[in-house]
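See below for the structure under consideration.
The values are calculated or read from the model by the stated rules, or taken from the named source; none is laboratory data. Note that the structure is predicted; figures quoted are calculated from it, not measured. FYI the Cβ positions are ideal-geometry reconstructions off the backbone, even for glycines, and counts take in every protein chain you see.
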Amino acid sequence: MMKPFLYILGAIVILAGLFFVLNTYIYNEKQADGDYIDPATVLSFEDCVAAGYPVAESNPRQCRTPDGRLYAEEIPEMITYMNATPDMISVSLPFPGAVTGKEFGVQGEARGNWFFEASFPITLLDKDGKVLATAIAQADGDWMTTEFVPFSTNIKAPESYIGPATLVLKKDNPSGLPENDASISFPITIEY
C-alpha cells in the first residue's frame, strides 16, 4: 500500500522539478532576448504598455499588470486660455478630449463678470476652424457677483458632421473692445 503512494509522490517531485527547470530556462531566454519585462519594474502607464500588458480603451486609457496594479494614462492639459485663467472659468462637461454625440450639454462655472445679462456665447468649430454651431450659456444662479456661478447649455452639431472639433467659450463682451475679449477652448470629437 505504501508503494503506490511513493510512486505518486516521486512523480509529483519529478514534475515539479521539470516545471522549475523549464520556467527558469524560459525566463532566462526571455531576458537574453530582451523580451521579458519584470512586472516589478513597471511603474507607469507607459511602462505597462511597453511590457505588453492589456490596455482598456477607457478615458483615460488604463493598463493592468499581472499582479493587479492599475496605471492610468496621463492626459496633458488641452485647454487653451486667451486672456483667461482657470480661476475665471472652468468646464466640467464635456472634458477636453471627450467623445460626444451630435447634441451634448456644456456645464461648468464662471465668475460673474464672465456673463452679461446672465449669459455668454459658445461656439463649436470644425477641424478647419469653421463654425459648426453656436449656443448661449445661461447662468444657473445670480450672476451679479465676482464669485463662481454655475452655467449650462446644450449645443447641437450638424447631423452630417463627424470628427474633431473645438469648443470655444467666450466671455461676453458688450463693449466690443478687443482688450476685453477672453475665451477658453479645447478639442473634442463628435462621433455619434
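Count of the range 132-166 residues, restricted to those that are charged (D, E, K, R), under 19 Å from ILE190 (Cβ atoms) and exposed (fewer than 12 other Cβ atoms within 10 Å of the Cβ), is 1.
Of all the residues in the range 167-186, those that are surrounded by 14 or more Cβ atoms within 10 Å (Cβ to Cβ) and either at pLDDT below 95 or part of a loop (DSSP other than H, G, I, E, B) (or both) number 5. Would you call PHE20 at pLDDT below 85 and either closer than 30 Å to PRO96 by Cβ or out of contact with any Asp or Glu (no Cβ under 7 Å at 6 or more places or on another chain) (or both)? The answer is yes for PHE20.
Does the range 44-66 hold any residues that are in a helix (DSSP H, G or I) and of a type in the set (Val, Ile, Thr), and which are they? Residue satisfying the conditions is VAL49 alone. The residue that is farthest from TRP114 (Cα to Cα), among those in the range 39-59 that are surrounded by 14 or more Cβ atoms within 10 Å (Cβ to Cβ) and in contact (Cβ under 8 Å) with a residue 12 or more places away in the chain, is PRO39.
With respect to GLU73, is the statement that it is among the acidic types (Asp, Glu), surrounded by 13 or more Cβ atoms within 10 Å (Cβ to Cβ) and either at pLDDT below 90 or in contact with a Gly (Cβ under 7 Å, 6 or more places away or on another chain) (or both) true?
Yes: the conditions hold for GLU73.
Scanning the range 175-191 for residues that are closer than 23 Å to ALA157 by Cα and either of a type in the set (Val, Ile, Thr) or out of contact with any strand residue (DSSP E or B) (no Cβ under 8 Å at 6 or more places or on another chain) (or both) yields ILE184, ILE188, THR189, ILE190. Among the criteria (1) within 23 Å of the chain's Cα centre (by Cα); (2) at pLDDT 95 or above, the one PHE116 does not fulfil is (1). Could you please tell me which pairs satisfy a Cβ distance under 7 Å, a separation of 6+ or placement on different chains, a first residue in the range 118-133 that is within 14 Å of GLY163 (Cα to Cα), and a second residue that is at pLDDT below 95 and part of a strand (DSSP E or B)? The qualifying pairs are LYS127/GLY163; LYS127/PRO164. In summary, GLU191 fulfils each of the numbered conditions (1) of a type outside the set (Val, Ile, Thr); (2) exposed (fewer than 14 other Cβ atoms within 10 Å of the Cβ); (3) under 19 Å from TYR81 (Cα atoms) with the single exception of condition (3). From the residues in the range 130-141 that are out of contact with any Leu (no Cβ under 9 Å at 6 or more places or on another chain) and modelled with pLDDT of 95 or more, which one is farthest from THR85 (Cα to Cα)? Looking at residues that are out of contact with any Leu (no Cβ under 9 Å at 6 or more places or on another chain) and modelled with pLDDT of 95 or more, I get LYS130.
Within the range 77-106, being closer than 19 Å to PHE151 by Cα, in a loop (DSSP other than H, G, I, E, B) and more than 17 Å from the chain's Cα centre (by Cα) holds for ALA84, THR85, PRO86, ASP87, MET88.
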